[in-house]
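The block underneath contains the structure these notes are about, expressed in structure tokens.
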Amino acid sequence: MAMVKEFMGQCMVETFCCDVSRWSSQPNRFCTKRQRTVSLLPTFSELKTMLQLSPPSFLKLDHSSMTDLSLNTVTFTIAGTVTLKNTDHKEIMMMAMTMLQQFDSTLNKAVSETGIVMQLVSTEIDPRTMEPKLSKRVVLDLFKHSKVNGYDYERSTYKVDFEIDSDFGFPGAITVINKYDQEIFLEGLSIEGVVDIACNSWIQPEKVHPEERIFFTNKQAYLPCDTPAGVKELRKEELRQVRGNGKGERKSHERVYDYDVYNDLGNPDKGSEHVRPILGTAHYPSPRRCRTGRPHATTANKYESRLNSSDQTYVPRDEAFEGVRKEALHVEKIKGTTRNFFPFITTCITKCGNFKKLSDVEKIYKRSHVHQNETTTKWSLPVNMTKIQNDVEDYFKFNTPSIIHSGNGCCIKDEELGREALAGINPLSIKRLETFPPISNLDPSIYGAQKSTLKEEHIINHLDGMSVQQAMEEKKLFVLDYHDEYLPFLNGINGQEDRKAYATRTILYLTQLGTLKPIAIELSLFEGETSKQVLTPPLDATSHWLWQIAKAHVCSNDAGVHQLVHHWLRTHACMEPFIIAAHRQLSVMHPIFKLLKPHLKHTLQINALARETLINEGGIIESDFSPGKYSIEMISAAYRDWWRFDMESLPADLIRRGMAEPDPTHPHGLRLFIEDYPYANDGLLIWFALEKLVRTYVNYYYRDGIMVRSDNELQAWYSEVINVGHADHANASWWPTLSTPSDLTKILTTLIWVASVQHSAVNFGQYPLGGYVPMRSPHMKKLLPKEEDPEYKQFLKDPEGYLLSCLPNLFETTKFLAVVNILSQHSPDEEYIGQRKDLSDWASHPEIIQAFYKFSLDLKRIEKEIENRNNDPKRRNRCGAGIPPYELLIATSGPGVTCRGVPNSISI
């Protein structure tokens, strides 16, 4: 147990087992087949036997009741504690109410009718009424009850006593009504220190939410068929409450989970240029989002009105950011604003703000802080000016991204472009080249014959004597192919102000050192074959700079696909329906909900914020990235043509991209074609450790396929995900079936993988590995210069200045950096994969505790293995002079921008 505490960092609650064999030979009827404990409270027949022995210490019998046990049901008083999280308005409310109590006796009566009303519900049914057995109602008056935990800034704990009958049985749930005028945050209850009920939820005033809130004990996870009779109806009722009725505008205090299309991204009331397509239609398919029910736009009924600046997008109340997470996000927003102040002024004054030299770019980053000895002379100032300068820079300048510590200079080097495809912030686009020249999958009747102009002569001199066919057979050729993602939108993109883009293809060769180097770049415009051009590694000064501009366009393509497809679509947007359906269809008592719970947190809130400021019309994505106002159309096209849930597991994704093949002779039965592929190398270690955990967990609760198929909540969850949450793919044949424990294991492993590991891989390196615009520009402003262009002479005269003029200007750069810096942050209260705060839920299931413990140990071993790999000079994609180590998949991290750490959920 000590080892579990050490490695898991959790407080374990030991199982309380009553030795009924001393009291009765009757089998305990309160336990399901898997329950290893028995009822905390005995039945009446058992009680008579117990009275011949010394009673358990927590049963306090009235003396008058003890004299008549043989004839009447006995009433017990059991002690409990209630813990509330302290909030500002709770303290204000208590002060105000206390003052009223002191001054008005009339109000005293009203105050006495307020409080938190609680009632325990047994796992048993009363055979006389066929209703659940209940305790007497208890009213917790915060102004009369004394705290039992003394002064605690964060929470208050109060003692309460519940009265129950002797045949009450085991507590299965508690109902709560808040009769105060303000919401309260109920952390949980404990009965006699043995029965715990974790709530962690906002309880609304009765006048706002008249229905009783329902919370179940932590003691046991129940499949629907095993639900104790006393809480069966409560299980259904609790789900009914969170489903809502699909009508009306959702209010901030509600906790309703429902679906809607993305009809809230545009703003038609501001004019036609602010209209954006509705995602989630036949023409623009998309996952569904959480419904808010806001009023329609004034000028277009199909669209939801945009928020006022003072409002916030609805999310269920318990999903909203609170405490240190909310505060940390606010602090980073302030820093982002201050760091943009001077660049904004400069850009306004100069009317341009373009960088003239590389040194101009470097000025937006902090200097290396200088630490001087504080020696004083006759003429020295009484303050340390260096310290003041360092403090000022903390607020007005950005940290230097790790990617430029190596001194890569103005442009991305060839070997760095190849390395980042394997160990950068987008390791999900690289594919093995299986056909040369590459083939487009675009519909020729719409886009014409998109024939590549790449020829063997372009690359033959870079293949170490092999032909193209031989190189492909040797698995030596790879490609970054953004042709089909960009080409349908190029005319629109290039028609925008200060936006120019190509649809790029980059051929890369796997060297003998295990690194990738680009050997040809194809740049395509929409007009046809004549608009395509191929560049190869340079031979002179002019071709050198043209090659650098071409690589900048490749990186800009990559930045757009990374942010829109691999980051937003594949993790944030596609996970949201699974989260909504889990809350609507899986009871909190369900073992699968308990497993998934930490992986569902915070995502709905961060997605709501994204719809407010990131992916909306005029938002960060449109203003910073090349696709501009065509961004959401690109997202929809990728979802329609490319996204498949059955391909979201790591092994399936690697095989799909031709980066691996099944091979039983290799670890985990998978052979990677690039041995030093840091994302895949580290990811596979975590994938199979995670799969082992999930398989153990699933097999514990589901012995066979019949149990899976007969679980009505589980089947309803998966069906709703497909038919409602992903309705535009409802008829796709590729959805995995859910008929066996093995099916369930694969589905759950994929979900947890996407929510934790894959999101971390594409998110938390955004600033450290992508925060230097000359190496990874989010958009480009110019195409390659041609000899007939008026600017060509300027390009020849000052090629570095021309390249910098293709990039975002000063204010655009700092605005972009402020955003990716926030997105790369870990909150101080982050919970990382392998860490759980709810292990007491399985206190009576040592097999489950052991599985979580082993998973935690696996992650620690993986962390050590990653550290060893980062120090292995043979792994040149993660080790070497100026090469940042690949740490994105190390499980834990401190707060802030660390370029490591895998949170349990999509939390930023």
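Hey, any hits in region 872-888 for a residue that's touching a helix residue (DSSP H, G or I) at 6+ places or on another chain (Cβ under 8 Å), among the hydroxyl-bearing types (S, T, Y) and within 16 Å of I425 (Cβ to Cβ)? Yes, there is a match, as at least one residue in region 872-888 is touching a helix residue (DSSP H, G or I) at 6+ places or on another chain (Cβ under 8 Å), among the hydroxyl-bearing types (S, T, Y) and within 16 Å of I425 (Cβ to Cβ). If you go through region 863-882 and keep only what is of a type in the set (A, V, I, L, M, F, W, C) and surrounded by fewer than 21 Cβ atoms within 10 Å (Cβ to Cβ), you end up with C879, A881. Quick one: is Q389 modelled with pLDDT under 85 and either in a helix (DSSP H, G or I) or on the phi < 0 side of the Ramachandran plot (or both)? When the stated conditions are applied, Q389 passes them. Of the helices (runs of 4 or more DSSP H) contained entirely in region 739-825, those carrying at least 2 residues that are in contact with a Gly (Cβ under 6 Å, 6 or more places away or on another chain) fall at 810-823.
So which residues in region 261-272 are surrounded by fewer than 19 Cβ atoms within 10 Å (Cβ to Cβ) and either in contact (Cβ under 8 Å) with a residue 24 or more places away in the chain or not in a loop (DSSP other than H, G, I, E, B) (or both)?
Within region 261-272, the subset surrounded by fewer than 19 Cβ atoms within 10 Å (Cβ to Cβ) is 269-272.
Result: D269, K270, S272.
Specify which of the listed residues (I908, I890, I848) is at pLDDT below 95 and either buried (at least 18 other Cβ atoms within 10 Å of the Cβ) or touching a His at 6+ places or on another chain (Cβ under 6 Å) (or both). The unique qualifying residue is I908.
Would you check if A881 is hydrophobic (A, V, I, L, M, F, W, C), in contact (Cβ under 8 Å) with a residue 12 or more places away in the chain and closer than 30 Å to V194 by Cα? Walk me through how you get there before you give the answer.
Values: hydrophobic (A, V, I, L, M, F, W, C): yes; in contact (Cβ under 8 Å) with a residue 12 or more places away in the chain: yes; closer than 30 Å to V194 by Cα: no.
Judged against the criteria, A881 is not a match.
Kindly indicate whether any position in region 441-456 is assigned by TED's automatic domain parsing to the domain that holds T515, at pLDDT 95 or above, over 18 Å from V534 (Cβ atoms) and small (G, A, S). Checked region 441-456: no residue is assigned by TED's automatic domain parsing to the domain that holds T515, at pLDDT 95 or above, over 18 Å from V534 (Cβ atoms) and small (G, A, S). Scanning region 272-327 for residues that are touching a helix residue (DSSP H, G or I) at 6+ places or on another chain (Cβ under 6 Å) and among the aromatic types (F, W, Y) yields Y284, Y303, F321.
Looking only at region 206-225, count how many residues are over 29 Å from the mean Cα position of the chain (by Cα) and within 17 Å of Q585 (Cβ to Cβ). Full working, then the answer.
To start, the set of residues in region 206-225 that are over 29 Å from the mean Cα position of the chain (by Cα) comprises 206-212, 225.
Okay, now just the ones that are also within 17 Å of Q585 (Cβ to Cβ), so 225.
Of the residues in that region, 1 qualify.
Can you name the residue in region 253-309 that is polar (S, T, N, Q) and farther than 27 Å from I579 by Cβ and is also modelled with the lowest pLDDT among such residues? Among those that are polar (S, T, N, Q) and farther than 27 Å from I579 by Cβ, it is S309. Quick check, is C555 under 35 Å from the mean Cα position of the chain (by Cα) and closer than 28 Å to L796 by Cβ? Judged against the criteria, C555 is a match. Considering only residues in region 590-602 that are in contact with a Ser or Thr (Cβ under 7 Å, 6 or more places away or on another chain) and in a helix (DSSP H, G or I), the one that is nearest to C574 (Cα to Cα) turns out to be H599. Restricted to helices (runs of 4 or more DSSP H) entirely inside region 603-690, those with at least 2 residues that are modelled with pLDDT of 95 or more and within 30 Å of L857 (Cα to Cα) are 650-656.
The residue that is surrounded by the fewest Cβ atoms within 10 Å (Cβ to Cβ), among those in region 223-258 that are assigned to a loop (DSSP other than H, G, I, E, B) and free of Cβ contacts under 8 Å to residues at least 40 places away in the same chain, is N245. Within region 598-609, being buried (at least 19 other Cβ atoms within 10 Å of the Cβ) and farther than 15 Å from V754 by Cβ holds for L604, Q605, A608.
So for region 810-828 (the condition being in contact with a helix residue (DSSP H, G or I) (Cβ under 6 Å, 6 or more places away or on another chain) and more than 23 Å from P401 (Cβ to Cβ)), does at least one residue qualify? Looking for residues that are in contact with a helix residue (DSSP H, G or I) (Cβ under 6 Å, 6 or more places away or on another chain) and more than 23 Å from P401 (Cβ to Cβ), one finds none in region 810-828, hence no. Selection of region 701-727 for residues being free of Cβ contacts under 8 Å to residues at least 24 places away in the same chain and among the hydrophobic types (A, V, I, L, M, F, W, C) yields I706, I722. One residue stands out among those in region 277-334 that are more than 28 Å from T814 (Cβ to Cβ), among the small types (G, A, S) and within 20 Å of the chain's Cα centre (by Cα): the one that is surrounded by the fewest Cβ atoms within 10 Å (Cβ to Cβ), which is G323. Counting only residues that are assigned to a strand (DSSP E or B), surrounded by fewer than 20 Cβ atoms within 10 Å (Cβ to Cβ) and over 37 Å from the mean Cα position of the chain (by Cα), region 160-188 holds 4 of them. Kindly indicate whether any position in region 725-736 is modelled with pLDDT of 95 or more and over 19 Å from W642 (Cβ atoms). There is no residue in region 725-736 that is modelled with pLDDT of 95 or more and over 19 Å from W642 (Cβ atoms). The set of residues in region 110-167 that are of a type in the set (A, V, I, L, M), more than 20 Å from S190 (Cα to Cα) and at pLDDT 85 or above comprises I125, M130. Among residues of region 618-635 that are without any contact (Cβ under 8 Å) to a residue 24 or more places away in the chain, those with a Cβ under 6 angstrom from a residue that is buried (at least 21 other Cβ atoms within 10 Å of the Cβ) and hydroxyl-bearing (S, T, Y), sequence gap 6+ or separate chain, pair up as E622/S631. Of everything in region 700-717 that is crowded, with 21+ Cβ neighbours inside 10 Å and aromatic (F, W, Y), the residue that is nearest to R644 (Cα to Cα) is W717. Note down all Cβ pairs under 7 Å where the first residue falls in region 852-864 and is more than 17 Å from R695 (Cβ to Cβ), the second is modelled with pLDDT of 95 or more and of a type outside the set (D, E), and they're at least six residues apart or on different chains. These pairs meet every condition: I862/L685; I862/I686; I862/A689; E863/I890; E863/A891.
The values are calculated or read from the model by the stated rules, or taken from the named source; none is laboratory data. Note that the structure is a prediction, hence the values are computed from the model and not measured. As a convention, Cβ positions derive from the backbone with ideal geometry for all residues, glycine included, and neighbour counts pool all protein chains shown.
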